[in-house]
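> Before I ask anything, let me first share the structure, which is written out below as structure tokens.
The values are calculated or read from the model by the stated rules, or taken from the named source; none is laboratory data. Nothing here was measured: the structure is a model prediction, and the numbers come from that model. Cβ atoms come from the backbone with ideal geometry, glycine included; neighbour counts cover every protein chain shown.
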There are 2 protein chains.
Amino acid sequence: MGKKYYVGIDLGGTNIKGGIVLESGEIIHKEMIPTGAGREPSEIIKDIAGLVNKMLDTANINISDVNSIGIGTPGTCNAKEGIVICASNIDFYNVHMREELKKYFSVPVFVENDANCAALGEYNVLTEDVENMVFITLGTGVGGGLIFDRKLYVGKNGTAAEVGHMIIEVDGEECGCGTRGCWEKYASVTALINQTKEYIEKNPDSELAKICENGVSGRSAFDLSKKGDAGAKSVVDRWINYVGTGIISIINILQPELIIIGGAISKEGEYLLGPIREYQKNNTYSQIDGATRIVAASLGNDAGLIGSAFLGKEVD
Amino acid sequence: MGKKYYVGIDLGGTNIKGGIVLESGEIIHKEMIPTGAGREPSEIIKDIAGLVNKMLDTANINISDVNSIGIGTPGTCNAKEGIVICASNIDFYNVHMREELKKYFSVPVFVENDANCAALGEYNVLTEDVENMVFITLGTGVGGGLIFDRKLYVGKNGTAAEVGHMIIEVDGEECGCGTRGCWEKYASVTALINQTKEYIEKNPDSELAKICENGVSGRSAFDLSKKGDAGAKSVVDRWINYVGTGIISIINILQPELIIIGGAISKEGEYLLGPIREYQKNNTYSQIDGATRIVAASLGNDAGLIGSAFLGKEVD
């Protein structure tokens, strides 16, 4: 059994968010500082240490009551050794995060990829016992996190769960990852925006074109579709078809009890989940003993922060 | 620690194969009887019991030296309860295999899907310690088995690892599973044969058409390609491109240490694996800490038998 408080750090390209988290998942204190990406890693880590100390001071918590400090970082990690292997947007390459932070604190320090942390955050606040879960974030790209046998699964080299880079279209759209036809080229919010623009170009007099005069967002087609516009609905349907395609593959490979959909778009709730579940129903191979449940993420932007705090909970 | 002998049964649509297996994976005795599919499950199970007793008699082994009996069956299982849920080709629906066999033997009985057993068989004879492995069979369809954290992973309902039913082509070829564009419609040996036929139709005067006058097999294009025929090579290349597509997706999602390719076609060895590895090299997203190794299966037709025997080894 660990101690009462878990400290989480969500290290991003723009900001560093810190939080003091209870075992329940409740954040009792939260602070944010700019990352200042591009500086020496040791400088940034010094700022992280300062942020932790400031939070503890403000919340009037003694470090001896802290179970662990967990850092969620972009890019790839060696979680076992506590090293950030490669996080290009903050210029971290082979940064010994644990070793560095050990200069400031004597509590255990954990390091993990930020998407994995978000998966862990969502998993830890579930009210039921779930053995296997897949977390999918639909955002600029499509990311993910895997929980197998109630533990985070990161694969051979810590970089598993890149669900956005499964191929759904042979020789499809070129992807930055080096291959073609990746799921995220079709099912990310970026892709939804592109598909919306495509529709507008073909239908310049449409209602969708009108409401997008000042710019297209991931919500444009959803907003208009809700009002019954057939054109907007066709854009949403097409995109959900792509989202569903990847979800079917994940179900057929992994048959998780639960799939959690995250990213801002998951706030569309049943407008997103209803059609995805319908797609699932019509396309799933095996439905023995009930289908995989698909739900929206519950933590929003705090998932990564809470998950990073809980990195140390896993190994209690 | 279990006892010395493991009994495995590979229950197929045509034959029931039985084997007595040592901890090393060596089969010391093997027998086969016809399944007689379509009969009452209790009749078939009675034959399985008879087969086990005959093997033990012939090999002069006492049942008290048997650790467990494992049954590999087609279709879906509830491994926990020892029930065959649905195996249409032998007409087994909700058959309480364990309960039935307990009438004949007092040793522990295990039941698992045959592809999962094959994965377990291949895994258990590895000479090195592997934590995560994906087994892929390229045959009439494309099947698979997953080993995570050194254990068989079967998902929520025992039907995970249907890798052949991940979608690699949105709105692609219709698949018997109820959706479209499944990997096995492009990367199975059946698909290779279809792709060979397609080439022959378009190129009736080709060398490949000539050697296939008496029929096309999965080896036709490979055999001629090895002799330097460009047309045959184009067929092989196209097929391997499809095989590689699914493998890249599996790597990006799961980052296993090892992928084992099974099915008769895996005997093509480096003619198959060389180009797949080349495809992997050119299309893999993350290569941190070395790439997933891809190797051919080593057990051939006995993988399922050995794996079923080892179902009881897992829980020693």
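> Among the numbered conditions (1) surrounded by fewer than 24 Cβ atoms within 10 Å (Cβ to Cβ); (2) modelled with pLDDT under 95; (3) away from chain A (no Cβ under 11 Å), tell me where B:N194 comes up short.
In the conditions (1) surrounded by fewer than 24 Cβ atoms within 10 Å (Cβ to Cβ); (2) modelled with pLDDT under 95; (3) away from chain A (no Cβ under 11 Å), B:N194 misses (2) alone.
> From the list B:G13, B:G25, which one is exposed (fewer than 15 other Cβ atoms within 10 Å of the Cβ) and under 21 Å from B:G145 (Cα atoms)? Steps first, please.
Working: B:G25 fails: exposed (fewer than 15 other Cβ atoms within 10 Å of the Cβ).
Of the residues listed, the single one that is exposed (fewer than 15 other Cβ atoms within 10 Å of the Cβ) and under 21 Å from B:G145 (Cα atoms) is B:G13.
> Out of curiosity, is B:V154 crowded, with 24+ Cβ neighbours inside 10 Å, within 23 Å of A:I248 (Cβ to Cβ) and not aromatic (F, W, Y)?
no
> Now for a different question. If A:G246 passes every condition in (1) buried (at least 22 other Cβ atoms within 10 Å of the Cβ); (2) more than 10 Å from every other protein chain (Cβ to nearest Cβ); (3) under 17 Å from the mean Cα position of the chain (by Cα); (4) among the small types (G, A, S) but one, which one does it miss?
(2)
> Which one of these does A:F222 not meet: (1) part of a helix (DSSP H, G or I); (2) of a type in the set (F, W, Y); (3) within 14 Å of the chain's Cα centre (by Cα)?
(3)
> Could I ask something else about it? Give me a count of the residues in the stretch A:276-300 that are of a type in the set (G, A, S) and at the interface with another protein chain (Cβ under 10 Å from one of its Cβ atoms).
First pass over the stretch A:276-300, keeping only residues of a type in the set (G, A, S): A:286, A:290-291, A:296-298, A:300.
If we keep only those that are at the interface with another protein chain (Cβ under 10 Å from one of its Cβ atoms) as well, we get A:286, A:290-291.
Adding up the residues that qualify gives 3.
> With respect to B:G19, determine if the residue is in a loop (DSSP other than H, G, I, E, B) and in contact with a Leu (Cβ under 9 Å, 6 or more places away or on another chain).
So B:G19 fails the test.
> Scan the stretch A:120-143 for residues that are of a type in the set (G, A, S) and either farther than 23 Å from A:Y186 by Cα or within 13 Å of another protein chain (Cβ to nearest Cβ) (or both) and jot them down.
A:G121, A:G141, A:G143
> Right, something else. Does B:G290 qualify as being under 20 Å from the mean Cα position of the chain (by Cα) and small (G, A, S)?
On the way: under 20 Å from the mean Cα position of the chain (by Cα): no; small (G, A, S): yes.
The answer is no for B:G290.
> Which one of these does A:L273 not meet: (1) more than 14 Å from every other protein chain (Cβ to nearest Cβ); (2) among the aliphatic types (A, V, I, L, M); (3) in contact (Cβ under 8 Å) with a residue 24 or more places away in the chain?
Failing condition for A:L273: (3).
> Scanning the stretch B:40-61 for residues that are of a type outside the set (A, V, I, L, M) and under 14 Å from B:Y104 (Cα atoms), which turns out surrounded by the fewest Cβ atoms within 10 Å (Cβ to Cβ)? Give the derivation first.
Step one: list which residues in the stretch B:40-61 are of a type outside the set (A, V, I, L, M), which gives B:40-43, B:46-47, B:50, B:53-54, B:57-58, B:60.
Keeping just the survivors that are under 14 Å from B:Y104 (Cα atoms) gives B:42-43, B:46-47, B:50, B:53-54.
On the way: B:S42: 12, B:E43: 10, B:K46: 16, B:D47: 17, B:G50: 13, B:N53: 13, B:K54: 14.
In this case the residue turns out to be B:E43.
> Follow-up question, since we're still on this one. How do the pairs read when you match residues in the stretch B:177-188 that are facing chain A (nearest Cβ under 7 Å) with residues anywhere that are part of a helix (DSSP H, G or I) and aromatic (F, W, Y), using Cβ under 8 Å and keeping only pairs 6 or more apart or on different chains?
none
> Exactly one of (1) assigned to a strand (DSSP E or B); (2) farther than 30 Å from A:G244 by Cβ is unmet by A:E112. Its number?
(2)
> State whether one or more residues within the stretch B:271-281 are closer than 22 Å to A:G181 by Cα and part of a loop (DSSP other than H, G, I, E, B). Walk me through it before giving the result.
Of all residues in the stretch B:271-281, those closer than 22 Å to A:G181 by Cα come to B:275-281.
Now narrow it down to the ones that are part of a loop (DSSP other than H, G, I, E, B): none.
Among the residues of the stretch B:271-281, not one is closer than 22 Å to A:G181 by Cα and part of a loop (DSSP other than H, G, I, E, B), which makes the answer no.
> Name the pairs: first residue in the stretch A:144-158 and facing another protein chain (nearest Cβ under 7 Å), second residue in a strand (DSSP E or B) and at pLDDT 95 or above, Cβ to Cβ under 8 Å, at least 6 apart or on different chains?
These pairs meet every condition: A:F148/B:F148; A:F148/B:Y153; A:D149/B:F148; A:D149/B:Y153; A:Y153/A:L146; A:Y153/A:I147; A:Y153/B:F148.
> Please go through the stretch B:80-99 and pick out each residue that is part of a loop (DSSP other than H, G, I, E, B) and either buried (at least 24 other Cβ atoms within 10 Å of the Cβ) or away from every other protein chain (no Cβ under 12 Å) (or both). If you could, list the steps in order and put the result at the bottom.
In the first step, residues of the stretch B:80-99 are kept if they are part of a loop (DSSP other than H, G, I, E, B); the result is B:80-82, B:91, B:96.
B:G82, B:D91, B:H96, listed by residue number.
> A further question follows. Output yes when any residue across the stretch A:242-257 is more than 19 Å from B:L254 (Cβ to Cβ) and either part of a loop (DSSP other than H, G, I, E, B) or hydrophobic (A, V, I, L, M, F, W, C) (or both), and no when none is. Full working, then the answer.
The first filter runs over the stretch A:242-257 and keeps only residues more than 19 Å from B:L254 (Cβ to Cβ), leaving A:242-244.
Now drop any that are not either part of a loop (DSSP other than H, G, I, E, B) or hydrophobic (A, V, I, L, M, F, W, C) (or both), which leaves A:243.
So far as the stretch A:242-257 goes, yes, one or more of its residues are more than 19 Å from B:L254 (Cβ to Cβ) and either part of a loop (DSSP other than H, G, I, E, B) or hydrophobic (A, V, I, L, M, F, W, C) (or both).
> Being closer than 12 Å to B:V134 by Cβ and not hydroxyl-bearing (S, T, Y) is the filter here; which residues of the stretch B:153-165 pass it?
Taking the stretch B:153-165 first, the residues closer than 12 Å to B:V134 by Cβ are B:153, B:160-161, B:163.
Selection gives B:A160, B:A161, B:V163.
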